[in-house]
Amino acid sequence: MLTKEQLLAMSEDDYMNDEQHEYFKHLLLTEAQDIKDHLKEARENLSSQSYEADELDKAAQEEDRRLQLRFLDRQTKLLPKIEQAIARIEHDDFGYCEITGDPIGVQRLLLRPTATLCAEEKQRQEMKEKSYRDA
């Protein structure tokens with residue numbers, strides 16, 4: 001399997017070849033399993049927590065619990081995105097912007113392997129959102 005350095009050293013003509021698909025599929029599968037393991041562990045920790053009688057301790061525990069639940073929610077929402085990215089690899093759509101069809105780019109995919117938009121399109125959408133908020 002390719003290393004990250006080999007992946008980055010490949011020419012643009014080799015974009016989304018079989019080796020790159022294999023690299024990203026392995027990366028996504030590993031990330032999905034890590035998230036599932038972490039979710040299981042976090043749920044077990046949350047269910048086994050006991051509460052202190054002291055009001056300050058209770059408040060601190062509740063805040064910690066709220067932050068853990070928020071993190072769990074984010075992780076739970078990430079799993080379907082990972083599964084969709086794996087499906088795009090299998091259908092040979094992975095690595096290309098769903099709006100423009102342009103390559104997303106290896107560096108962007110290494111940072112966010114679930115990305116569906118190229119940097120330019122993502123920036124355009126963020127500018128639109130900002131202008132709607134400002135209006």
Next on the checklist: Need the list of aspartates and glutamates near Lys4 for cross-linking: C-alpha distance under 14 angstrom, and skip anything on the same chain fewer than eight residues off.
Outcome noted: Glu19, Glu22
Next on the checklist: If I stretch the segment between Glu98 and Leu69 completely, what's the gain in nm (0.36 nm per residue apart, minus their alpha carbon distance), one decimal?
Outcome noted: 7.3 nm
Next on the checklist: Within 10 Å of each candidate Cβ there may be at most 12 other Cβ atoms; applying that plus a DSSP loop requirement, which GluC sites (Glu not before Pro) in the range 11-92 survive?
Outcome noted: Glu52
Item to check | Proximal lysines to Lys77, defined as alpha-carbon separation beneath 20 angstrom and excluding residues fewer than eight positions away on the same chain | outcome: Lys25, Lys36, Lys40, Lys122
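Between Glu31 and Tyr132, how high is the FRET efficiency from 1/(1 + (r/R0)^6) when r is the Cβ-Cβ distance and R₀ = 35 Å? Nearest 0.05. Before the final figure, lay out the partial values.
Values: r = 32 Å, r/R0 = 0.91.
The computed FRET efficiency comes out at 0.65.
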Item to check | Cα centroid of the range 70-95 to Cα centroid of the range 2-17, whole Å | outcome: 22 Å
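Whole number please: convex hull volume per residue of the Cα set in the chain, in Å³?
It comes to 150 Å³ per residue, whole-number rounded.
Considering only DSSP states other than H, G, I, E and B, which chymotrypsin sites (Phe, Trp or Tyr not before Pro) in the range 42-113 qualify as loop sites with at most 13 other Cβ atoms within 10 Å?
Listed in order of number, the matching sites are Tyr51.
Each reported figure results from applying straightforward, stated rules to the coordinates on display, with no laboratory input. Treat the numbers as computed from the prediction; the structure is a model and nothing was measured. Heads up, the Cβs are rebuilt from the backbone with ideal geometry, glycines too, and the neighbour counts pull from every protein chain shown.
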